[in-house]
Amino acid sequence: MNKFVVLTTVFAVAIAADLRAYSKPSYSAPVAAYPAPAYPASASAPAPAYPAPAPNYPAPVSNYPTAAPAYSKPAYYEQAAFSKPVEEHYSPMPFDFAYEVKDDATYQDFSHKETSDGKVVTGSYRVALPDGRTQIVNYKADENGYVADVKYEGEAKYDENKSAPVSAYSKPVEATYPKPVEPAYSNPAYSAPAYPEPTYAKPAYPEPADSKPAPAYSAPAYTVPTYPKPAY
């Protein structure tokens, strides 16, 4: 084993002695055959200006609950307190009135009068009825209620109706329309065409001539048999 290692080392040294020493090559920068073009600076064209980008940061998320804003109740929302008006009570006042209407043209005839001392109301009215009577009502009203006394003057009269009853419904008059006159049409006269009666010639067929004469048959002769009469 030791011999193999020594031989390997000797062989490696011999190979290293035979290798040539090479230096790192150096290259010079190439020279341009044409000079670089030079452009004059333009005074009218300003240098481009680019706006700085605005930072865009996400809104921070709060882990705490946000309190609801508190608003004060507006003053005009307050509903005005409604107070029921105080009802004023007046003591009954005495009064007195009367009127009368009489118009023969329209058959109006009535009157009314009433008196009160503040506690008790008394009065009366009268009216002419269509049947010829006059109705008179005397009444009294107090804290106990209303009491009326009704009476009639005169006698009821009804006029005898001698006229024929008039029907409330009258049959409407039917409109009469003239009967339409039917136009008179004359039947057209057509002459029947005359066609000659066709005549057909009866075909003539020749009588067949039979070459054989009709057979003649003689009547057969039969001998009548005779039978002896039986004896009983």
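Worth pointing out:
- The packing ranking, built from the mean of other Cβ atoms within 10 Å per residue, places the peptides 220-229, 85-94 in the order 85-94, 220-229, highest first.
- D_trans [Stokes-Einstein, Kirkwood Rh over alpha-carbon pairs] for the stretch 95-153, 4 °C, 1.567 mPa s, µm² s⁻¹: 103 µm²/s
- Net charge over other residues, Cβ less than 10 angstrom from the Cβ of Ser111 (K, R count +1; D, E count -1): +1
- Modelled label reach - His89, point 7 Å along Cα→Cβ, the stretch 105-135 residues with backbone N closer than 16 Å: 119
- Nonlocal Lys pairs with alpha-carbon distance under 17 Å, the stretch 95-153 (8 or more apart, or different chains): 5
- Computed FRET value (nearest 0.05) for Ser111 with Lys171, which takes r as the C-beta separation and R₀ as 45 Å: 0.40
- Of the chymotrypsin sites (Phe, Trp or Tyr not before Pro) found in the stretch 91-170, those that fall in a DSSP loop while having at most 14 other beta-carbon atoms within 10 Å are Tyr107, Tyr158, Tyr169.
Every number in this text was worked out from the coordinates using simple rules, so none of it is lab data. All of these numbers come straight from a predicted model, not from anything done at the bench. A quick note on method: Cβ atoms are made from the backbone with ideal geometry, for glycine too, and the neighbour counts reach across all protein chains shown.
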